[in-house]
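*Asks:* Pasting in a structure now, in C-alpha coordinates, and then I'll have a few things to ask.
The values are calculated or read from the model by the stated rules, or taken from the named source; none is laboratory data. The structure displayed is predicted, hence computed values, not measured ones. Note: ideal-geometry Cβ built from the backbone for every residue, glycine included; neighbour counts use all protein chains shown. Areas reflect the complete protein model, heavy atoms only, side chains present, ligands, DNA and RNA absent. Shrake-Rupley method; radii C 1.70, N 1.55, O 1.52, S 1.80 Å.
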Amino acid sequence: MDLLRLFNKKLLVATLSLACVAPAIAADAPLRVGASPGPYSDFLQEAAKIANAQGFPVKVIEFTEPTQINEATQAGDIDLNNFQHVPYMLRQNEARGYKIAAIKPSYVAPAGIYSAKVKSLDALPKGATIAITNDPSNEARALFLLQKAGLIKLRSSSGIDVGVADISENPKNFKIVLLDEIQVPRVLPDVDAGVVNLNKGVLAGLNPKDALLLEDKGSQWAIIWAARADHKDDPRIARFIKIFESDKIKQLILAKFNGTVIPSW
(Lines give C-alpha, C1' and ligand atoms only; values in the text may rest on other atoms or scores of the structure.)
Protein backbone atom coordinates (compact mmCIF):
# COMPACT_ATOMS: atom_id res chain seq x y z
CA MET A 1 0.00 0.00 0.00
CA ASP A 2 1.25 3.46 -0.85
CA LEU A 3 1.24 5.16 2.56
CA LEU A 4 1.75 8.63 1.10
CA ARG A 5 -1.31 8.33 -1.16
CA LEU A 6 -3.37 6.94 1.70
CA PHE A 7 -2.23 9.75 3.98
CA ASN A 8 -3.01 12.43 1.34
CA LYS A 9 -6.48 11.00 0.81
CA LYS A 10 -7.26 10.98 4.53
CA LEU A 11 -5.76 14.42 4.98
CA LEU A 12 -7.99 15.86 2.24
CA VAL A 13 -11.10 14.35 3.81
CA ALA A 14 -10.13 15.55 7.28
CA THR A 15 -9.27 19.04 6.09
CA LEU A 16 -12.49 19.49 4.12
CA SER A 17 -14.59 18.23 7.02
CA LEU A 18 -13.09 20.79 9.38
CA ALA A 19 -12.56 23.73 7.05
CA CYS A 20 -15.77 25.46 8.02
CA VAL A 21 -15.23 25.15 11.77
CA ALA A 22 -11.53 25.90 12.18
CA PRO A 23 -11.06 28.34 15.03
CA ALA A 24 -8.87 31.38 14.79
CA ILE A 25 -5.41 30.98 16.35
CA ALA A 26 -3.59 33.89 17.92
CA ALA A 27 -0.27 34.32 16.16
CA ASP A 28 1.48 35.32 19.41
CA ALA A 29 0.07 32.48 21.55
CA PRO A 30 2.65 29.95 22.80
CA LEU A 31 3.02 26.92 20.55
CA ARG A 32 2.48 23.74 22.56
CA VAL A 33 4.35 20.71 21.27
CA GLY A 34 3.59 17.20 22.55
CA ALA A 35 6.28 14.52 22.81
CA SER A 36 7.30 11.32 24.58
CA PRO A 37 10.02 11.59 27.25
CA GLY A 38 13.52 10.75 26.11
CA PRO A 39 16.12 11.95 23.63
CA TYR A 40 13.63 12.98 20.95
CA SER A 41 11.97 15.32 23.41
CA ASP A 42 15.42 16.70 24.24
CA PHE A 43 15.88 17.78 20.62
CA LEU A 44 12.49 19.50 20.68
CA GLN A 45 13.50 21.26 23.90
CA GLU A 46 16.67 22.54 22.20
CA ALA A 47 14.65 23.88 19.28
CA ALA A 48 12.22 25.48 21.74
CA LYS A 49 15.14 27.27 23.42
CA ILE A 50 16.15 28.73 20.06
CA ALA A 51 12.56 29.80 19.38
CA ASN A 52 12.13 31.38 22.81
CA ALA A 53 15.40 33.28 22.37
CA GLN A 54 13.90 34.75 19.21
CA GLY A 55 10.83 35.92 21.11
CA PHE A 56 8.73 33.07 19.72
CA PRO A 57 7.15 31.26 22.71
CA VAL A 58 7.23 27.46 22.44
CA LYS A 59 6.50 24.93 25.20
CA VAL A 60 7.33 21.22 24.90
CA ILE A 61 4.92 19.03 26.89
CA GLU A 62 5.89 15.43 27.66
CA PHE A 63 3.38 12.57 27.93
CA THR A 64 4.43 9.25 29.43
CA GLU A 65 1.57 7.44 27.68
CA PRO A 66 1.77 7.80 23.86
CA THR A 67 -1.99 7.51 23.32
CA GLN A 68 -2.47 10.69 25.38
CA ILE A 69 -0.55 12.77 22.83
CA ASN A 70 -3.04 12.43 19.98
CA GLU A 71 -5.88 12.73 22.48
CA ALA A 72 -4.48 16.08 23.61
CA THR A 73 -3.88 17.13 20.00
CA GLN A 74 -7.46 16.36 19.02
CA ALA A 75 -8.78 18.17 22.12
CA GLY A 76 -6.77 21.28 21.27
CA ASP A 77 -4.67 21.02 24.44
CA ILE A 78 -1.52 20.94 22.31
CA ASP A 79 -0.93 22.34 18.83
CA LEU A 80 1.66 20.00 17.36
CA ASN A 81 3.21 16.64 18.12
CA ASN A 82 6.34 14.77 17.15
CA PHE A 83 6.42 11.16 18.31
CA GLN A 84 4.61 8.89 15.84
CA HIS A 85 4.73 7.46 12.34
CA VAL A 86 1.99 7.55 9.71
CA PRO A 87 0.66 3.98 10.27
CA TYR A 88 0.22 4.67 14.00
CA MET A 89 -1.50 8.00 13.30
CA LEU A 90 -3.91 6.45 10.78
CA ARG A 91 -4.86 3.69 13.19
CA GLN A 92 -5.47 6.22 15.97
CA ASN A 93 -7.62 8.31 13.64
CA GLU A 94 -9.67 5.30 12.59
CA ALA A 95 -10.06 3.80 16.05
CA ARG A 96 -10.78 7.03 17.94
CA GLY A 97 -12.36 9.27 15.32
CA TYR A 98 -9.51 11.78 15.44
CA LYS A 99 -8.73 14.26 12.64
CA ILE A 100 -4.96 14.28 13.06
CA ALA A 101 -2.94 15.13 9.94
CA ALA A 102 0.69 14.43 9.09
CA ILE A 103 2.60 17.55 8.05
CA LYS A 104 6.00 16.16 7.06
CA PRO A 105 8.61 13.65 8.27
CA SER A 106 11.23 14.76 10.78
CA TYR A 107 13.62 11.80 11.00
CA VAL A 108 13.87 8.04 10.77
CA ALA A 109 14.39 6.49 14.20
CA PRO A 110 15.01 2.86 13.27
CA ALA A 111 13.53 -0.02 15.20
CA GLY A 112 15.99 -2.83 15.80
CA ILE A 113 16.26 -6.48 16.70
CA TYR A 114 18.14 -6.78 20.00
CA SER A 115 19.28 -9.75 22.05
CA ALA A 116 20.96 -10.25 25.40
CA LYS A 117 21.73 -13.87 24.54
CA VAL A 118 23.07 -14.08 20.97
CA LYS A 119 25.39 -11.97 18.86
CA SER A 120 23.92 -12.70 15.42
CA LEU A 121 20.59 -13.51 13.80
CA ASP A 122 21.92 -16.89 12.66
CA ALA A 123 22.59 -17.82 16.30
CA LEU A 124 18.92 -17.65 17.27
CA PRO A 125 17.96 -21.24 18.14
CA LYS A 126 14.93 -23.16 16.91
CA GLY A 127 11.88 -22.31 18.99
CA ALA A 128 13.43 -19.03 20.18
CA THR A 129 11.11 -16.52 21.83
CA ILE A 130 10.98 -13.10 20.16
CA ALA A 131 9.15 -10.24 21.87
CA ILE A 132 7.46 -7.51 19.82
CA THR A 133 5.22 -4.56 20.59
CA ASN A 134 1.50 -5.28 20.89
CA ASP A 135 -0.03 -2.12 19.40
CA PRO A 136 -1.10 -3.01 15.84
CA SER A 137 1.00 -0.50 13.87
CA ASN A 138 4.21 -1.36 15.70
CA GLU A 139 3.37 -5.06 15.60
CA ALA A 140 3.34 -4.75 11.81
CA ARG A 141 6.58 -2.78 11.89
CA ALA A 142 8.29 -5.50 13.92
CA LEU A 143 7.02 -8.27 11.66
CA PHE A 144 8.33 -6.53 8.55
CA LEU A 145 11.73 -6.18 10.23
CA LEU A 146 11.74 -9.88 11.17
CA GLN A 147 10.92 -10.67 7.56
CA LYS A 148 13.76 -8.41 6.37
CA ALA A 149 16.05 -10.35 8.69
CA GLY A 150 15.04 -13.59 6.99
CA LEU A 151 13.53 -15.03 10.17
CA ILE A 152 9.93 -15.26 8.93
CA LYS A 153 7.89 -14.66 5.81
CA LEU A 154 4.58 -12.81 5.61
CA ARG A 155 1.76 -13.55 3.18
CA SER A 156 2.49 -11.81 -0.12
CA SER A 157 -0.98 -10.29 -0.08
CA SER A 158 -0.36 -8.65 3.30
CA GLY A 159 -0.52 -4.87 3.39
CA ILE A 160 0.89 -2.55 6.02
CA ASP A 161 -1.65 -3.78 8.61
CA VAL A 162 -0.14 -7.21 9.16
CA GLY A 163 -0.29 -9.20 12.36
CA VAL A 164 1.16 -12.42 13.71
CA ALA A 165 -1.64 -14.35 11.96
CA ASP A 166 -0.18 -13.19 8.62
CA ILE A 167 3.07 -15.13 9.10
CA SER A 168 3.17 -17.67 6.27
CA GLU A 169 6.58 -19.21 6.95
CA ASN A 170 8.37 -19.67 10.26
CA PRO A 171 10.99 -22.35 9.53
CA LYS A 172 12.65 -22.24 12.96
CA ASN A 173 9.30 -22.16 14.80
CA PHE A 174 10.01 -18.91 16.59
CA LYS A 175 7.53 -18.02 19.31
CA ILE A 176 6.37 -14.42 18.80
CA VAL A 177 5.07 -12.84 21.99
CA LEU A 178 3.22 -9.52 22.08
CA LEU A 179 3.99 -7.11 24.91
CA ASP A 180 3.50 -3.46 25.79
CA GLU A 181 6.12 -1.30 24.06
CA ILE A 182 7.74 -0.30 27.35
CA GLN A 183 8.05 -3.94 28.44
CA VAL A 184 9.91 -5.27 25.39
CA PRO A 185 13.39 -3.93 26.28
CA ARG A 186 12.87 -4.93 29.92
CA VAL A 187 12.29 -8.60 29.09
CA LEU A 188 15.33 -9.02 26.82
CA PRO A 189 17.18 -11.04 29.52
CA ASP A 190 14.25 -13.47 29.60
CA VAL A 191 13.64 -13.92 25.86
CA ASP A 192 15.96 -14.72 22.97
CA ALA A 193 15.39 -11.45 21.09
CA GLY A 194 13.07 -8.49 20.87
CA VAL A 195 12.15 -5.81 18.38
CA VAL A 196 12.54 -2.47 20.13
CA ASN A 197 11.70 1.01 18.87
CA LEU A 198 14.71 3.29 19.22
CA ASN A 199 13.29 5.79 21.71
CA LYS A 200 12.26 3.09 24.18
CA GLY A 201 15.52 1.27 23.59
CA VAL A 202 17.68 4.29 24.40
CA LEU A 203 15.66 4.97 27.54
CA ALA A 204 16.29 1.35 28.57
CA GLY A 205 20.03 1.72 28.02
CA LEU A 206 20.29 -0.10 24.68
CA ASN A 207 22.88 1.00 22.14
CA PRO A 208 21.60 1.00 18.53
CA LYS A 209 25.07 -0.09 17.44
CA ASP A 210 24.48 -3.37 19.31
CA ALA A 211 21.31 -4.24 17.38
CA LEU A 212 21.40 -7.45 15.36
CA LEU A 213 19.57 -5.52 12.62
CA LEU A 214 18.27 -1.95 12.27
CA GLU A 215 15.77 -0.46 9.85
CA ASP A 216 17.37 1.71 7.18
CA LYS A 217 16.55 5.19 5.86
CA GLY A 218 13.90 3.69 3.58
CA SER A 219 11.70 2.82 6.56
CA GLN A 220 8.00 3.52 6.14
CA TRP A 221 7.89 4.40 9.83
CA ALA A 222 9.59 7.81 9.85
CA ILE A 223 8.68 10.03 12.80
CA ILE A 224 6.36 12.80 11.60
CA TRP A 225 5.16 16.23 12.60
CA ALA A 226 1.41 16.02 13.13
CA ALA A 227 -1.39 18.38 14.12
CA ARG A 228 -5.14 18.49 14.08
CA ALA A 229 -6.22 18.86 10.47
CA ASP A 230 -7.79 22.26 11.00
CA HIS A 231 -4.60 23.55 12.71
CA LYS A 232 -1.96 22.14 10.38
CA ASP A 233 -1.56 25.45 8.51
CA ASP A 234 -0.94 27.45 11.69
CA PRO A 235 2.05 29.65 10.72
CA ARG A 236 3.62 29.06 14.14
CA ILE A 237 3.95 25.37 13.27
CA ALA A 238 5.81 26.10 10.04
CA ARG A 239 8.06 28.53 11.91
CA PHE A 240 8.95 26.01 14.61
CA ILE A 241 9.63 23.21 12.13
CA LYS A 242 11.96 25.55 10.25
CA ILE A 243 13.83 26.24 13.50
CA PHE A 244 14.03 22.52 14.21
CA GLU A 245 15.39 21.84 10.73
CA SER A 246 18.56 23.75 11.47
CA ASP A 247 22.10 22.48 11.16
CA LYS A 248 22.49 22.78 14.95
CA ILE A 249 19.65 20.36 15.67
CA LYS A 250 20.78 18.02 12.89
CA GLN A 251 24.26 17.81 14.38
CA LEU A 252 22.79 17.16 17.85
CA ILE A 253 20.77 14.25 16.47
CA LEU A 254 23.68 12.77 14.55
CA ALA A 255 26.02 13.12 17.52
CA LYS A 256 23.57 11.66 20.04
CA PHE A 257 22.87 8.51 18.02
CA ASN A 258 26.17 8.13 16.15
CA GLY A 259 24.37 8.50 12.84
CA THR A 260 21.76 5.79 13.48
CA VAL A 261 18.92 8.33 13.57
CA ILE A 262 18.58 9.92 10.16
CA PRO A 263 17.21 13.50 9.89
CA SER A 264 14.76 13.99 7.03
CA TRP A 265 16.14 17.33 5.96
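*Asks:* Could you tell me whether the stretch 95-104 includes any residue that is part of a loop (DSSP other than H, G, I, E, B) and among the charged types (D, E, K, R)?
*Replies:* Yes, the stretch 95-104 contains at least one residue that is part of a loop (DSSP other than H, G, I, E, B) and among the charged types (D, E, K, R).
To keep it simple, each residue is scored yes or no on (1) open to solvent by less than 30 Å² (accessible area, probe 1.4 Å); (2) modelled with pLDDT under 90.
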| position | (1), (2) |
| --- | --- |
| Val13 | no, yes |
| Ser17 | no, yes |
| Pro39 | yes, yes |
| Ala48 | yes, no |
| Phe56 | yes, no |
| Glu65 | no, no |
| Gln68 | no, no |
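*Asks:* Can you tell me which residue among Trp221, Trp225 is crowded, with 20+ Cβ neighbours inside 10 Å, aromatic (Phe, Trp, Tyr), at pLDDT 95 or above and closer than 27 Å to Pro136 by Cβ? First the steps, then the outcome.
*Replies:* Details: Trp221 fails: at pLDDT 95 or above.
Testing whether each residue is crowded, with 20+ Cβ neighbours inside 10 Å, aromatic (Phe, Trp, Tyr), at pLDDT 95 or above and closer than 27 Å to Pro136 by Cβ leaves just Trp225.
*Asks:* Also, I was wondering about something else. Determine which member of the set Asn134, Asn138 is open to solvent by 60 Å² or more (accessible area, probe 1.4 Å), out of contact with any Lys or Arg (no Cβ under 7 Å at 6 or more places or on another chain), closer than 28 Å to Gln92 by Cβ and not aromatic (Phe, Trp, Tyr). Give the steps one after another, and end with the answer.
*Replies:* Details: Asn138 fails: open to solvent by 60 Å² or more (accessible area, probe 1.4 Å).
None of the others qualify; the one that does is Asn134.
*Asks:* Give all pairs with beta carbons closer than 7 Å in which a residue from the stretch 172-197 that is polar (S, T, N, Q) meets a residue that is open to solvent by 50 Å² or more (accessible area, probe 1.4 Å); count only pairs at least 6 apart in sequence or on separate chains.
*Replies:* Qualifying pairs under 7 Å: Asn173/Lys126.
*Asks:* Still on this model: Say whether the condition of being modelled with pLDDT of 95 or more, farther than 25 Å from Leu90 by Cα, of a type in the set (Asp, Glu) and surrounded by fewer than 19 Cβ atoms within 10 Å (Cβ to Cβ) is met by at least one residue in the stretch 159-174.
*Replies:* yes
*Asks:* Within the group Phe244, Phe240, which residue is in contact (Cβ under 8 Å) with a residue 60 or more places away in the chain, buried (at least 22 other Cβ atoms within 10 Å of the Cβ) and over 19 Å from the mean Cα position of the chain (by Cα)?
*Replies:* Numbers: Phe244 fails: over 19 Å from the mean Cα position of the chain (by Cα).
Exactly one of Phe244, Phe240 is in contact (Cβ under 8 Å) with a residue 60 or more places away in the chain, buried (at least 22 other Cβ atoms within 10 Å of the Cβ) and over 19 Å from the mean Cα position of the chain (by Cα), namely Phe240.
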